[in-house]
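Student: Pasting a structure below so you can have a look.
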Amino acid sequence: MATFTWEVYANTPAWMGVGANTVVFAGSGGLTTPITVGTWQSETHLGSGDPGTDQCGGSNHVRNVKYIASTQFDSGSGTETLNDTNLAETECTLRVKFTDASAVATSNGRFYSFDGTTETAEAVGIEAYAFERGVSATTWTQFNDDSANIGGDNSGERLALSDQSSNTEHYFYIAISARPESVGAKTQFDFGIALTYS
């Protein structure tokens, strides 16, 4: 049976399952610190709810990758050029593992954000970018912008994922950066992934 496992790099540090928790983007100061409208997140955490309590595992928090410009990011060491050399796998916000009992190849993969209810509707009140590491990409992809009606599992409004050759395990390393477009909690911001395998 095919399964997806959502993971973050934290804890000891190591990759750990997100489980029933949520990925929380926050301002500088911790899990419950709001992000100023129009600015990108300063921290990323694993929360037990929206945001709930911190589940990162002590002082090793989920890796934070901040959007600086279309070809730049900051993961805590200052502004860097966005590419596979500068952004390590362990710096990515998420690792999504796709497994199957049989060796399969993947195609038509996509990663998207949505409002938590309708997979074709954008997340509410948020602008966000995503980047897949390991595919020689050099620019962020805008995959949510509520004010411009961008987001959801719609062509041109999601991050296309690389096709992968036949194997029982497939990994997708994804960096995400987000900022609020208005004041207030942004709890209608969920992620989805889909692909074809054979």
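Student: Taking amide H positions as placed in the peptide plane 1.01 Å from N, state which residues far from I150 in sequence (5 or more) or on other chains have amide H under 5 Å from it.
Tutor: Here the answer is D145, since their amide H atoms fall under 5 Å of that of I150.
Student: How are the Cα pair distances of the chain distributed, in percent, across 10 Å bins from 0?
Tutor: Pair shares across the bins are 9, 37, 40, 13, 1.
Student: Scan around C56 for amide H atoms under 5 Å from its own, H built in the peptide plane at 1.01 Å from N, and keep only partners 5 or more places away or cross-chain.
Tutor: L46
Student: First select every other residue whose beta carbon is under 13 angstrom from the beta carbon of I68; then total the charges, Lys and Arg +1, Asp and Glu -1.
Tutor: Charge balance in the 13 Å sphere: 0.
Student: What list of ³J(HN,Hα) couplings, whole Hz, do you get for the range 171-178 from phi and the Karplus terms 6.51, -1.76, 1.60, once you set θ to phi - 60° and write x for glycine and proline?
Tutor: Residue by residue, the range 171-178 yields 10, 10, 9, 10, 9, 9, 9, 9 Hz.
Student: At what distance in angstrom do the alpha carbon centres of the range 33-89 and the range 144-198 lie from each other?
Tutor: The two parts, judged by their Cα centres, are 16 Å apart.
Student: Highest first, please rank the peptides 37-44, 175-182, 116-123 by the mean number of other Cβ atoms sitting within 10 Å of their residues.
Tutor: 175-182, 37-44, 116-123
Student: Same structure again: Using only the alpha-carbon atoms of the range 1-106 as identical scatterers, what base-10 log of I(q)/I(0) does the Debye formula give at q = 0.10, 0.18 Å⁻¹?
Tutor: With no solvent term, the Cα-only Debye profile gives -0.32, -0.93.
Student: Moving to a separate point now. Taking the Kirkwood radius as the inverse of the mean 1/r across Cα pairs, report the Rg/Rh of the range 146-198.
Tutor: In the range 146-198, Rg relative to Rh is 1.04.
Student: Using +1 on the beta carbon of Lys and Arg, -1 on that of Asp and Glu, and nothing else charged, what's the dipole of the range 1-140 about the Cα centre, debye to 20?
Tutor: Roughly 180 debye for the range 1-140.
Student: Taking a cut-off of 13 Å, what percent of all Cα-Cα pairs in the range 86-125 are separated by more than that?
Tutor: 71 percent
Student: Explain nothing, just the number: relative contact order of the range 74-140, from Cα pairs under 8 Å at least 6 residues apart, as a whole percent.
Tutor: The normalised contact order for the range 74-140 reaches 44 percent.
Student: Which of I126, A103, N149 sits closest to the plus end of the dipole of the chain, meaning its Cα is farthest towards the positive end, when Lys and Arg get +1 and Asp and Glu get -1 on the C-beta?
Tutor: About the Cα centre, the residue reaching furthest to the positive side is A103.
Student: Which whole-number percentage describes the relative contact order of the chain, with Cα contacts under 8 Å and a sequence gap of 6 or more?
Tutor: Relative contact order comes out at 24 percent.
Student: Output ³J(HN,Hα) for the range 48-57: one whole-Hz value per residue in order, computed from phi by the Karplus curve 6.51 cos²θ - 1.76 cosθ + 1.60 with θ = phi - 60°, and x for Gly and Pro.
Tutor: 7, x, 10, x, x, 10, 5, 10, 5, x
Readers should treat all values here as calculations from the given coordinates under stated rules, not as data from a laboratory. Bear in mind the structure is a predicted one, so any value in this text is a computation, not a measurement. No Cβ is skipped: glycine too gets one built from the backbone with ideal geometry, and neighbour counts run over all protein chains shown.
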